[in-house]
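Right, one structure below, let's go through it.
Just so it is clear, none of the values below were taken in a lab; they were calculated from the coordinates. None of the values given here were measured: they were computed from a predicted structure. Here Cβ is always computed from backbone atoms with ideal geometry, including for glycine, and neighbour counts include all displayed protein chains.
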Amino acid sequence: MSGEGFTLINGVQLPAGAFGTYKAADGKSADVISLAIGAGYRYFDTASFYGTEEYLAEAIGRSGIPRNEFFITSKLWKEEMGYKNVKEAFERSLQRLKTDYLDLYLIHWPLPYPGCTDWRELDAETWRALEELYREGKVRAIGLSNFLPHHIENILEHCEIPPMVDQIEYHPGYSQEAAVKYCQEKEILVQAWSPLGRTRVLQDPLILSMAEKYGVSPAKICLAFAVQRGVQPLPKASSQERMKENLDLCSFEMEQEDIWKLVTMPQTGWSGEHPDRERVRYEDMK
Ligand SMILES: NC(=O)c1ccc[n+]([C@@H]2O[C@H](COP(=O)([O-])OP(=O)(O)OC[C@H]3O[C@@H](n4cnc5c(N)ncnc54)[C@H](OP(=O)(O)O)[C@@H]3O)[C@@H](O)[C@H]2O)c1
């Protein structure tokens, strides 16, 4: 990452500070997203599944800031996979977002359901539709989400345009090292969803000790853990104070020894989601 942000293999620049919109409009209002624009965010991560595309459009409209100053990512949902479905899903996202292009469009999950046996063909034809949208100039970059190396291999075997991004769960305690290494070798930018482990890791003793050592919050340790490993974090917050805290990504640097400690800590804070498996639900899970 440079001070300006992250750069994709096709040269497209991503602003460093990105805002995740999952559950950001639970009050059926655009107010939280407007607050995030006010805090300085210009990169917004949404998806057809989140139900936040309309609210994002409303907040952008209200801001009076031109569309081209925003970076908008959306994703096609499991039921929208397949060549024809993707084209329709993309148009629906554009309509909800009140825009005529996306900055980044992702396949949300590699399998429509665990145990699906024809996922290879389905992913390949879904990707073919994304490639066409990219060639037609309707989207500036295309990529994946929740794809593990074996899913990406399948795309690479069939594609003409390789994926530029893979968005995966990533935070201390679940940093999916094999997937990160694989993507970085292929120059696929890794983005971190739940970079704060949806708060589940913020009380971990190792993270608390590092927060004390560097004089920052536990959330900042998690965000630095992403940025220093070349991973773009996509945090979500509700108050403008937290939004601003999460935007400030380069205020300190952790020693390499501490990064290794975070990389190798025992698994904690996993969401329970895995693309090849049924979701594991914990009783205390948010
Ligand atoms: N591709 C995928 O499959 C996928 C899956 C999940 C998420 N995502 C994306 O990733 C984004 C972020 O993930 P997430 O929302 O699951 O989790 P997250 O960003 O790790 O955590 C959000 C939680 O952390 C709290 N928080 C935010 N900033 C904080 C701070 N500075 N100090 C303490 N607590 C703080 C928030 O509380 P308040 O809201 O109360 O402030 C909220 O409860 C989503 O919004 C979505 O865009 C993608």
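Quick notes on this structure:
- Across the range 127-134, rounded Karplus estimates of 3J(HN,Hα) from the backbone phi angles (6.51 cos²θ - 1.76 cosθ + 1.60, θ = phi - 60°) give 5, 4, 5, 5, 4, 5, 4, 5 Hz, Gly and Pro being marked x.
- Cα gyration tensor shape of the range 5-263, rounded if a/c is under 1.5, else prolate or oblate by comparing a/b with b/c: oblate
- Within straight-line reach of residue 23, meaning a Cα separation under 17 Å, sit the following lysines at least 8 residues removed in sequence or on another chain: 75, 236, 286.
- When only alpha carbons are used to place a centre, the range 177-207 and the range 263-283 end up 12 Å from one another.
- Residues with amide H under 5 Å from that of residue 102, placed H, sequence gap 5 or more: 139, 140
- Peptides ranked, highest mean first, by Cβ atoms within 10 Å: ranges 158-169, 237-248: 158-169, 237-248
- The helix-based estimate of mean residue ellipticity at 222 nm for the chain, built from -39,500 (n - 2.57) per DSSP H run of four or more residues and divided by its residue count, is -11000 deg cm²/dmol to the nearest 500.
- For a label point 7 Å along the Cα-to-beta-carbon line of residue 209, residues of the range 233-263 with backbone N under 18 Å: 254-263
- Built amide H within the under 5 Å cut-off of residue 71, gap 5+: 43, 44
- For the pair the range 46-71 / the range 158-173, the C-alpha centres are spaced 23 Å from each other.
- Close amide H contacts of residue 145 (hydrogens built in the peptide plane, cut-off under 5 Å, sequence separation of 5 or more or a different chain): 107, 167.
- With an a/c value of 1.5 or above and a/b larger than b/c for the gyration tensor axes a ≥ b ≥ c computed over the alpha-carbon atoms, the range 22-92 is described as prolate.
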